[in-house]
Amino acid sequence: MANVILKNLVKKFKSVTAVDDLSIEIQNREFAVLVGPSGCGKTTALRMIAGLETVTSGEIYIGDTLVNEIPSKDRDIAMVFQNYALYPHMNVRENLGFGLMIRKFSKAEIEQRVQEAADILGIQELLERKPKELSGGQRQRVAVGRAIVRKPKVFLFDEPLSNLDAKLRVAMRAEISKLHRRLGATIIYVTHDQVEAMTMADRIFIMNQGTLQQSGRPLDIYRQPANRFVAGFIGSPAMNFIDTTLLKEGEAYILDGGSFRLRLPEAFHPAIESYCGRPVVFGVRPEDVMLYDPAMGPSEGNTLNVRADVVETLGFEIFAYLTCGPHALVARMEVPKRPIEVGQSFELALKMPQTHLFDRETSRTIV
């Protein structure tokens with residue numbers, strides 16, 4: 001296995017810059033996920049690592065080797081595509097071994113590696129079947145197995161689960177994570193699904209419009225997003241954003257949203273004092289709100305009066321789509337003892353220490 005280093009990587013398609021000055025280092029045996037919306041440049045970056053796209057400028061290292069001019073077949077990588085790319089006229093055994101056959105491996109070595117991959121993935125009983133006789137999940141396992149038999153330095157996954165149904169995606173996420181632990185492999189995984197990124201990655205690299213927005217461990221990024229884009233992209237449902245003005249009243253800092261006023265925690269004060277009197281964007285995650293109960297004690301400036309517009313019951317929790325004056329927000333809460341009715345008004349308490357403020361002009365996180 002090997003580390004992968006991208007230095008000031010740029011890819012242009014005529015006047016369009018798909019990847020712009022991307023610099024990241026993926027450690028040996030790390031599970032790294034490139035995540036972002038469609039068109040953010042993540043797949044283009046992966047294809048440049050694989051050698052399927054030429055580099056406009058910058059450098060790519062696999063291990064200690066600069067691979068910019070090295071053909072894809074000689075980079076010692078294996079790639080798993082979104083569409084599986086299995087040969088329909090070959091059975092599973094032949095699909096698994098084909099790449100080794102064209103590299104002139106002996107029949108004994110091919111058979112040994114095919115059996116090892118089949119054992120790891122639990123597809124021994126599928127070896128004589130053709131792709132058309134396999135389910136979507138089974139085809140995905142074969143595609144992964146074809147990469148495993150190569151025993152490459154780096155595995156590249158390009159949105160491999162996007163063609164599967166929701167239940168099978170959950171199962172395959174767990175399978176790929178277990179595979180990573182078993183092989184001790186360096187894996188670079190591309191997805192637009194932030195749930196896949198959060199549940200699978202050792203580190204996440206979040207991209208938007210060709211640039212790296214933030215990298216780090218999943219929970220660190222969730223708790224400390226670098227800017228409004230990252231805060232809104234990571235988390236489901238997305239973070240609520242409300243335009244407010246920051247005021248100071250005595251020793252207290254107050255957020256004025258017109259239809260509400262919130263008192264900010266003292267821990268925020270050093271970071272926000274220079275924004276006093278200025279417009280800021282207030283961010284609160286749907287899971288950081290709860291129904292206010294007077295038994296909890298005084299509200300202490302952390303409540304909103306809201307009206308329920310839509311309530312979605314998901315069994316153990318609800319998604320409530322609410323309005324607070326002109327502002328819309330979503331709450332994700334445990335199912336209350338007394339159901340919330342559409343059109344009902346009630347008071348909502350916020351976990352203020354978990355909230356965020358963003359600079360309205362730069363979108364960078366203030367606190």
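Over the chain, dividing the summed -39,500 (n - 2.57) contributions of all DSSP H runs of at least 4 residues by the number of residues returns a 222 nm mean residue ellipticity of -7000 deg cm²/dmol. Projecting the alpha carbon convex hull of region 231-367 along each direction and taking the average yields 8.6 nm². Amide H to amide H distances under 5 Å link residue 344 with 308, where only residues 5 or more positions off or on other chains count and H is placed in the peptide plane. Distance between the C-alpha centres of region 221-260 and region 160-178: 33 Å, rounded to the whole angstrom. Taking other residues whose beta carbon is less than 14 angstrom from the beta carbon of residue 270, and scoring Lys, Arg as +1 and Asp, Glu as -1, yields -2. With a cap of 14 neighbouring Cβ atoms within 10 Å, and only residues DSSP puts in a loop, list the GluC sites (Glu not before Pro) found in region 3-94. Qualifying residues, ordered by number: 69.
Measuring between their Cα centroids, region 12-91 and region 298-367 lie 41 Å from each other. The fraction of accessible area contributed by carbon and sulfur in the chain is 49 percent, rounded to a whole number (1.4 Å probe; ligands and nucleic acids excluded). Working from Cα positions, state the angle (0 to 90°, nearest 10) between the long axis of helix 107-121 and the longest principal axis of the chain. The angle comes out at about 20 degrees. The Cα atoms of region 1-89 give a gyration tensor whose axes a ≥ b ≥ c have a/c under 1.5, which makes the shape rounded. Loop-located GluC sites (Glu not before Pro) in region 166-268 (DSSP state not H, G, I, E or B) with no more than 14 neighbouring Cβ atoms inside 10 Å: 251. Taking the three principal axes of the alpha carbon atoms in region 310-367, the coordinate ranges are 40, 24, 18 Å, sorted in descending order. Taking chymotrypsin sites (Phe, Trp or Tyr not before Pro) as exposed when their DSSP state is a loop state and no more than 14 other Cβ atoms lie within 10 Å, the longest site-free interval of the chain runs over 82-315. Between helix 136-148 and the chain there is an angle of about 60 degrees, using the helix long axis and the longest principal axis of the Cα atoms. Accessible surface for region 118-195, divided over its residues, is 42 Å² per residue with a 1.4 Å probe. Around the Cα centre of region 1-126, unit charges on the Cβ atoms of Lys, Arg, Asp and Glu (plus for the first two, minus for the last two) sum to a dipole of about 400 debye. Note on the chain: Cα Rg divided by 2.2 N^0.38 Å, N the number of residues, gives 1.20. The C-alpha atoms of the chain define a longest principal axis, and helix 166-183 lies at about 60 degrees to it. Here the chain is treated with +1 on each Lys and Arg Cβ and -1 on each Asp and Glu Cβ, and its dipole about the Cα centre works out to around 1300 debye.
Sparse packing (at most 16 other Cβ atoms within 10 Å of the Cβ) combined with a DSSP loop state is found for the following GluC sites (Glu not before Pro) in region 310-353: 341.
The values are calculated or read from the model by the stated rules, or taken from the named source; none is laboratory data. Worth saying up front: this structure is predicted, and the values here are computed from it rather than measured. When we count neighbours, we look across all protein chains shown, and the Cβ atoms used for this are built from the backbone with ideal geometry, even at glycine. Side chains are part of the model used for accessible areas, which takes the heavy atoms of the whole protein and leaves out ligands, DNA and RNA. Shrake-Rupley method; radii C 1.70, N 1.55, O 1.52, S 1.80 Å.
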